[in-house]
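What follows is a short report on a single structure.
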Amino acid sequence: MRFGKINRLRLAKDFELVKADSTKADCSAFVFYLRATPEKDFSRLGVVTSRKVGCAVERNRARRVILAAARTVLPEVEGGYDLVF
């Protein structure tokens with residue numbers, strides 16, 4: 001699965017929907033939200049980093065690392081989910 005524009009959460013309202021109506025799992029490193037979207041046959045991914053992570057360079061690097069890890073794992077996940085890290 002390749003993450004193009006259709007497979008990324010980009011709009012604030014999409015992030016709000018996922019956070020409002022989802023299953024939440026958290027650990028010391030990050031928080032993970034999962035929302036089922038059965039009307040779609042593909043999954044979408046969004047990454048949010050807090051200013052607690054560091055300066056802009058460190059936040060962007062954290063996002064890139066999470067996206068790289070997701071690219072290796074998400075092809076095995078069936079479609080129909082919105083995920084936010």
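Worth pointing out:
- Spans of strands (runs of 3 or more DSSP E) in the chain with at least 1 residues within 11 Å of the chain's Cα centre (by Cα), of a type in the set (Ser, Thr, Tyr) and surrounded by 14 or more Cβ atoms within 10 Å (Cβ to Cβ): 31-36, 81-84
- Options ARG35, ARG64, ARG59: the member that is basic (Lys, Arg) and touching a strand residue (DSSP E or B) at 6+ places or on another chain (Cβ under 9 Å): ARG35
- Options ARG35, ARG10: the member that is in contact (Cβ under 8 Å) with a residue 12 or more places away in the chain, under 15 Å from VAL77 (Cβ atoms) and not polar (S, T, N, Q): ARG35
A short reminder: the numbers here are calculations on the coordinates, not readings from a lab. Given the structure is predicted, the values throughout are model-derived calculations rather than measurements. Cβ sites come from the backbone with ideal geometry, for glycine too, and all protein chains shown count toward neighbours.
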